[in-house]
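Okay, structure first, notes after.
The values are calculated or read from the model by the stated rules, or taken from the named source; none is laboratory data. Being a predicted model, the structure only gives us computed values, none of them experimental. Cβ coordinates were reconstructed from backbone atoms using ideal geometry, including for glycine residues, and neighbour counts include every protein chain displayed. When the accessible area is computed, the model is the full protein with side chains, heavy atoms only, and any ligands, DNA or RNA have been set aside. Shrake-Rupley method; radii C 1.70, N 1.55, O 1.52, S 1.80 Å.
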Amino acid sequence: MLRAATLASGSSGNCAVVSDGRVHILIDAGISTRRISQGLKGLGIELRHIAGVLITHEHIDHVAALPVLCRQTGAPLYTAEGTAFALCGKWGGLEERFRVFEPGQRFAVQGLEVGAFATSHDCARPVGYWVTDGRRKMALCTDTGLITPEAREGVRGAHTLIGEFNYDPEMLRKGPYPLHLQDRIRGSRGHLSNEMGAELAAWAAQQGTTRVVLAHLSQENNTPGTALAAAERTLGALGLGSGDVELISAPRNESTGWFEV
């Protein structure tokens, strides 16, 4: 049975885990190794049993734990070549841990198949991921300013989508961020608004997705209720309700607990 959970999801740190009960894979490691270890223990997993870490991109809220994590586990790091290059420039000694790929490639992490797809973000070579055990499929698509064609294909057929709902446009416009930061967030290499995240969720639901986890919510420019309302409106316009698609808002600093993919 394929299961997943987020351990943290937001601008201050991101980490998720997917597991079939034997193979456990982290997606990003943007919180401390101590918090990752505690979160995994709450799910019944020991840090030393992690089979690999999938890295979406090099921003610190997705990779902060890597130096310590690599000292405490032997897990390989999977990421696009450009991201690996950027991280090796930041931290020495990680070179041998990387298993690099180009977006669009598939590869195995022990018994699970993984695919990477291109996203659009202001960094070296950002990607999202899908993971499958051959029966069930989950996809993670965050930190992108556009819903790329590659992201649509990566999400297609996923039973569970962990998707970005970063900001509410009005909250961003009226909030404390300076104009240049607002422009970066809503730009084509920034983040998905609630409406854009809902668009991807609705498209995924039309392809068979039955659970959407609303992820990477901004603390300053969004609320769980606002994001959920946007998702419900868009899904409702397609005649889809809670009986068709389960919606979960991922906490910024806590685990969702396991959910079945």
message: Condition (residue is free of Cβ contacts under 8 Å to residues at least 40 places away in the same chain, in contact with a Gly (Cβ under 9 Å, 6 or more places away or on another chain) and under 17 Å from T234 (Cβ atoms)) applied to segment 180-197: is it met by at least one residue?
response: yes
statement: Quick count over segment 138-176, residues being open to solvent by 50 Å² or more (accessible area, probe 1.4 Å) and over 25 Å from E102 (Cβ atoms), is 6
task: Tell me which residues, restricted to segment 80-121, are over 17 Å from the mean Cα position of the chain (by Cα) and polar (S, T, N, Q).
output: Q105, Q110
message: Filter segment 245-258 down to the residues that are under 15 Å from the mean Cα position of the chain (by Cα) and outside any loop (DSSP other than H, G, I, E, B) and list them by number.
response: I248, S249
field: D143 vs. criteria on the phi > 0 side of the Ramachandran plot, modelled with pLDDT of 95 or more and either within 15 Å of the chain's Cα centre (by Cα) or not in a loop (DSSP other than H, G, I, E, B) (or both)
entry: yes
- request: Report yes if E58 is open to solvent by 10 Å² or more (accessible area, probe 1.4 Å), charged (D, E, K, R) and closer than 22 Å to G190 by Cβ, otherwise no.
  value: yes
- prompt: Mind checking which residues of segment 1-47 are in contact (Cβ under 8 Å) with a residue 60 or more places away in the chain, more than 22 Å from S218 (Cα to Cα) and not hydrophobic (A, V, I, L, M, F, W, C)?
  reply: R3, D20, R22, G42
- request: Quickly run through segment 186-229 and pick out the residues that are open to solvent by 40 Å² or more (accessible area, probe 1.4 Å), part of a loop (DSSP other than H, G, I, E, B) and in contact with a Lys or Arg (Cβ under 8 Å, 6 or more places away or on another chain).
  value: Q207, Q219
Candidates G115, G104 - the one that is open to solvent by 50 Å² or more (accessible area, probe 1.4 Å), within 18 Å of A151 (Cβ to Cβ) and either aromatic (F, W, Y) or in contact (Cβ under 8 Å) with a residue 24 or more places away in the chain (or both): G104
message: I'd like the residue in segment 160-185 that is in contact with a strand residue (DSSP E or B) (Cβ under 9 Å, 6 or more places away or on another chain), part of a helix (DSSP H, G or I) and of a type in the set (A, V, I, L, M, F, W, C) and, out of all such residues, is farthest from V261 (Cα to Cα).
response: L172
- prompt: Is it fair to say L47 is at negative phi and within 12 Å of the chain's Cα centre (by Cα)?
  reply: no
field: Residues that are surrounded by 15 or more Cβ atoms within 10 Å (Cβ to Cβ) and in a strand (DSSP E or B), drawn from segment 89-101
entry: F98, V100, F101
query: Quick check: is even one residue across segment 33-42 buried (at least 19 other Cβ atoms within 10 Å of the Cβ) and touching a Lys or Arg at 6+ places or on another chain (Cβ under 6 Å)?
result: no
task: Return a yes/no flag: does segment 76-88 have any residue that is open to solvent by less than 20 Å² (accessible area, probe 1.4 Å), of a type in the set (F, W, Y) and out of contact with any Cys (no Cβ under 8 Å at 6 or more places or on another chain).
output: no
- line: Within segment 81-95, residues at pLDDT 95 or above and acidic (D, E) come out as E81
- request: Say whether the condition of being open to solvent by less than 20 Å² (accessible area, probe 1.4 Å) and within 23 Å of Y167 (Cα to Cα) is met by at least one residue in segment 128-137.
  value: yes
